[in-house]
1. Answer yes or no as to whether Leu88 is free of Cβ contacts under 8 Å to residues at least 40 places away in the same chain and buried (at least 19 other Cβ atoms within 10 Å of the Cβ).
2. Looking at segment 107-130, which of its residues are out of contact with any helix residue (DSSP H, G or I) (no Cβ under 7 Å at 6 or more places or on another chain) and either part of a helix (DSSP H, G or I) or of a type in the set (Lys, Arg) (or both)?
3. Being out of contact with any strand residue (DSSP E or B) (no Cβ under 8 Å at 6 or more places or on another chain), assigned to a helix (DSSP H, G or I) and either buried (at least 18 other Cβ atoms within 10 Å of the Cβ) or at positive phi (or both) narrows it down to one residue among Ser157, Ser141; which is it?
4. Looking at segment 96-103, is at least one residue under 23 Å from Ile15 (Cβ atoms) and modelled with pLDDT under 90?
5. Against the condition under 26 Å from Gln6 (Cβ atoms) and modelled with pLDDT under 90, how does Val136 come out, does it pass?
6. Kindly list, by first and then second residue, each pair from a residue in segment 93-106 that is in contact (Cβ under 8 Å) with a residue 40 or more places away in the chain to a residue that is in a helix (DSSP H, G or I) and of a type outside the set (A, V, I, L, M), limited to pairs with Cβ atoms under 6 Å and residues at least 6 apart or on different chains.
7. If you go through segment 64-105 one residue at a time, how many are part of a helix (DSSP H, G or I) and basic (Lys, Arg)?
8. Evaluate the following for Ile90: is it more than 23 Å from Gly32 (Cβ to Cβ) and modelled with pLDDT of 95 or more?
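The values are calculated or read from the model by the stated rules, or taken from the named source; none is laboratory data. All values reported here derive from a predicted model rather than from experimental measurement. Glycine also receives a Cβ, built like all others from the backbone with ideal geometry; neighbour counts cover every protein chain displayed.
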Amino acid sequence: MIQRLQTLYLLIVFILSIVSLCSTIAGYNAGGEQIADFGNFSFNSVVEPFNKVQTTGPWALGTLQIVIALLAVITILNFNKRVLQMRLTIFNIILLFGYILIYALFAWLYQQKLNEVQSAFDVSFQVKLTAIYPLVSIILSFLAFRGIRKDEKLVRSLDRIR
């Protein structure tokens with residue numbers, strides 16, 4: 001049963017989580033140049049007045065991405081326990097929504113801190129392509145949940161016949 005379509009969906013969720021974990025997810029621009037990078041574990045200011053911004057890294061985002069990736073693999077490996085698979089998939093979707101909320105919170109907080117440093121520049125937030133991966137992962141996890149639920153209904157209907 002490991003060759004099911006929902007396994008492919010969960011594998012793509014795992015791959016997207018790893019790619020998102022290893023790349024920058026946002027940037028900040030001011031005066032036409034990039035002043036800061038925002039990743040899952042780091043926030044780096046590169047321009048002189050902005051590199052004095054004291055921030056803690058967004059370690060919660062990186063930790064959540066690792067948990068989401070591991071949970072996708074655990075869900076794949078529990079292919080013979082469909083009820084557990086459904087629960088783990090729902091939990092993964094909840095974690096992905098939490099990731100998006102925390103991402104928005106950190107993006108807002110960092111933009112406020114950068115605006116405090118020097119108000120002469122209008123700091124703008126630039127979303128990278130990898131920031132969309134959690135949304136795609138939510139959709140793929142939902143599709144995997146539907147496939148697992150369909151398989152469970154099929155097995156239960158066959159059990160009734162016996």
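1. Working: free of Cβ contacts under 8 Å to residues at least 40 places away in the same chain: yes; buried (at least 19 other Cβ atoms within 10 Å of the Cβ): yes.
Against the criterion (free of Cβ contacts under 8 Å to residues at least 40 places away in the same chain and buried (at least 19 other Cβ atoms within 10 Å of the Cβ)), Leu88 qualifies.
2. Correct list: Ala107, Trp108, Leu109, Tyr110, Gln111, Gln112, Lys113, Asn115, Glu116, Lys128, Leu129.
3. Details: Ser157 fails: either buried (at least 18 other Cβ atoms within 10 Å of the Cβ) or at positive phi (or both).
Sole residue among the options that is out of contact with any strand residue (DSSP E or B) (no Cβ under 8 Å at 6 or more places or on another chain), assigned to a helix (DSSP H, G or I) and either buried (at least 18 other Cβ atoms within 10 Å of the Cβ) or at positive phi (or both): Ser141.
4. No, there is no match, as no residue in segment 96-103 is under 23 Å from Ile15 (Cβ atoms) and modelled with pLDDT under 90.
5. Taking the combined requirement at face value, the residue does not satisfy it.
6. What qualifies is Ile93/Ser141; Leu96/Pro134; Leu96/Ser137.
7. 2
8. Here the answer is yes, as Ile90 does meet what is asked.
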